[in-house]
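The values are calculated or read from the model by the stated rules, or taken from the named source; none is laboratory data. Here the structure is a predicted model, which means the values were calculated and not measured. Every residue, glycine among them, receives a Cβ derived from its backbone with ideal geometry; neighbour counts consider all protein chains shown.
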Amino acid sequence: MAALAWCACAWLLTRTSVPSLHLSGLHERRYFSAHELARARSYTRGEDALYAGGVIAQLAALAVLVWRLPASVRGMGLGRISNAIVAGMVLLVTLWFVALPFSLAGLWWQHHWGLGPFDVGSWLVSQWSTLAPEAALAMALIVLLVGTAGRLRRWWLVAAPVVVAFAAAFAFVSGWLMAAASHAPREPWVTADAARLARIERVGGTPVRVQDVSSWTKQVNAFTVGFGPSTHVVLWDTLLDGRFSRREVDFVIAHELGHVRSRHILKAIGWTALIVVPVLWLLAVATRRRGGVGDPANLPFAFLVLTVLSLLALPIENGVSRRYEAEADWRALNTTRDPAADKRVFRHFARTSLEEPNPPLLDYVFLENHPTLMQRIAMAEAWRARATGGRSSRGGPGSP
């Protein structure tokens, strides 16, 4: 019965307002030159190598900590919670430093391909708005898991709703944190267009802010954070540097407002509620022979288990994310009624971010949390065909 209820909830969370569409058949050469495709392919291969190296380094670091850290933790004699706090700090700091060279290499790789300056200082400053809250949340979760596992046999049933509450609180507070790290648009038309689009989307009053990132990247991005009164849409200032037209910026804003209209952040919290019990149960089973999560000395092994589980869950997580991103695209098309601007935005992404229009299958399954550029362009074509009562044109290389 519980399994049926879980499946029913998962089905409800995966439902979207996007109709059944045929999003294949368009050839990438119709929209992108051979030079653009080659550049995107070369850039993506380098990014993939850095990602794989970072994952391997993280797993190796955790394996070393599993081997070396437990004896030190057991020898501290500070008490279970205090030992857990110290072990947690060691884990978080170690993992951050292990990831740092790959993050800096990624920053240099962007610079090498002309996607931004190699300004390490500005990049580090930009990380603090999220790094500190994430570290605080991680420490709170460590204390929660060790505390409940040390007292209760079926601790995951008690810890699960608290983890969901933590996730919801973090999602809520993130809206205010990003608002504090951004500013109101300096262009009056951005504020006016955002208000107009929000009224059409029936999410009037949603604030739109701008985050300054141009000191360390030329890439373009926008995102939605928070829910309820903390909801904010944040645009990177690189979106407003003149490379994108007003109509294209409007489409990006409408896409983010589509996330708000569809309550995707609340749905993400719903997914957390669905997966947290089985994940914590698996964690309990995996650590049982070592003494369980209640022993702070087992935290490195618990981190290793959670890392492996998160890697295994990537295809499902990315699949859900792609559905939500597709729904935001569809809502933006219905709001702006401008499929031409939609297609231009995604063609620009191949130049401004060197996105690969049609990535390999493994990249798509494990790394892509958005529909491919070709799928997004095909959606615009499908929307146009429905709006005009015609059929979207499909051609091969060199088609007009």
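Observations, loosely collected:
- Per this entry, Met139 is counted among residues that are under 20 Å from Asp295 (Cα atoms) and in a helix (DSSP H, G or I).
- For the residues Leu104, Leu69, Leu115, Leu100, the requirement of being part of a helix (DSSP H, G or I), in contact (Cβ under 8 Å) with a residue 24 or more places away in the chain and either out of contact with any Gly (no Cβ under 8 Å at 6 or more places or on another chain) or under 22 Å from Asp363 (Cα atoms) (or both) singles out Leu69.
Results for (1) modelled with pLDDT of 95 or more; (2) part of a helix (DSSP H, G or I); (3) over 17 Å from the mean Cα position of the chain (by Cα), shown as yes or no for each residue.
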residue	(1), (2), (3)
Arg261	yes, yes, yes
Leu266	yes, yes, no
Ile269	yes, yes, no
Val277	no, yes, yes
Gly294	no, no, yes
Ala297	no, yes, yes
Phe301	yes, yes, yes
Leu304	yes, yes, yes
Val308	yes, yes, yes
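- Among the conditions (1) in contact (Cβ under 8 Å) with a residue 40 or more places away in the chain; (2) surrounded by fewer than 16 Cβ atoms within 10 Å (Cβ to Cβ); (3) of a type in the set (A, V, I, L, M), Val225 misses just one, which is (2).
- Tallying residues that are over 15 Å from Gly114 (Cα atoms) and either surrounded by 15 or more Cβ atoms within 10 Å (Cβ to Cβ) or of a type in the set (A, V, I, L, M) (or both) within segment 21-37 yields 11.
- Considering segment 341-363, the residues that are assigned to a helix (DSSP H, G or I) and without any contact (Cβ under 8 Å) to a residue 24 or more places away in the chain include one that is surrounded by the fewest Cβ atoms within 10 Å (Cβ to Cβ), namely Leu361.
- Among the residues making up segment 219-246, those that are touching an Asp or Glu at 6+ places or on another chain (Cβ under 6 Å) and farther than 16 Å from Arg202 by Cβ are Ala222, Asp237.
- Single condition Gly75 does not satisfy, out of (1) part of a helix (DSSP H, G or I); (2) surrounded by fewer than 17 Cβ atoms within 10 Å (Cβ to Cβ); (3) touching a residue at least 40 places away in the same chain (Cβ under 8 Å): (3)
- Across segment 204-222, the qualifying residues are those that are over 12 Å from Ile253 (Cβ atoms) and of a type in the set (Ser, Thr, Tyr), and the one among them that is surrounded by the most Cβ atoms within 10 Å (Cβ to Cβ) is Thr217.
- One residue stands out among those in segment 56-72 that are among the aliphatic types (A, V, I, L, M) and surrounded by 17 or more Cβ atoms within 10 Å (Cβ to Cβ): the one that is modelled with the lowest pLDDT, which is Leu69.
A quick yes/no check of all residues on (1) closer than 23 Å to Ser321 by Cα; (2) touching a helix residue (DSSP H, G or I) at 6+ places or on another chain (Cβ under 6 Å); (3) among the aliphatic types (A, V, I, L, M):
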{"residue": "Ala8", "(1), (2), (3)": "yes, no, yes"}
{"residue": "Leu13", "(1), (2), (3)": "yes, yes, yes"}
{"residue": "His27", "(1), (2), (3)": "no, no, no"}
{"residue": "Ala57", "(1), (2), (3)": "no, yes, yes"}
{"residue": "Met76", "(1), (2), (3)": "no, yes, yes"}
{"residue": "Val93", "(1), (2), (3)": "no, no, yes"}
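- Candidates Leu239, Leu235: the one that is part of a strand (DSSP E or B) and either within 25 Å of Thr352 (Cβ to Cβ) or among the β-branched types (Val, Ile, Thr) (or both) is Leu235.
Matching residues to (1) surrounded by fewer than 19 Cβ atoms within 10 Å (Cβ to Cβ); (2) in contact (Cβ under 8 Å) with a residue 40 or more places away in the chain:
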{"position": "Ala194", "(1), (2)": "no, yes"}
{"position": "Ala198", "(1), (2)": "no, yes"}
{"position": "Arg202", "(1), (2)": "yes, yes"}
{"position": "Val234", "(1), (2)": "no, yes"}
{"position": "Gly242", "(1), (2)": "yes, no"}
{"position": "Glu248", "(1), (2)": "no, yes"}
{"position": "Ile253", "(1), (2)": "no, yes"}
{"position": "Gly270", "(1), (2)": "yes, yes"}
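- Of all residues in segment 174-191, those that are at pLDDT 95 or above and of a type in the set (A, V, I, L, M, F, W, C) total 3.
- When residues in segment 184-224 are screened for being in a strand (DSSP E or B), over 18 Å from Gly242 (Cβ atoms) and of a type outside the set (D, E, K, R), 3 of them pass.
- Some residue of segment 320-334 being modelled with pLDDT of 95 or more, assigned to a helix (DSSP H, G or I), of a type in the set (Lys, Arg) and surrounded by fewer than 20 Cβ atoms within 10 Å (Cβ to Cβ): yes
- Each residue in segment 168-189 was checked for being touching a residue at least 60 places away in the same chain (Cβ under 8 Å) and out of contact with any helix residue (DSSP H, G or I) (no Cβ under 7 Å at 6 or more places or on another chain), and 0 pass.
- Residue match in segment 360-367 (condition: modelled with pLDDT under 95 and within 17 Å of Arg247 (Cβ to Cβ)): no
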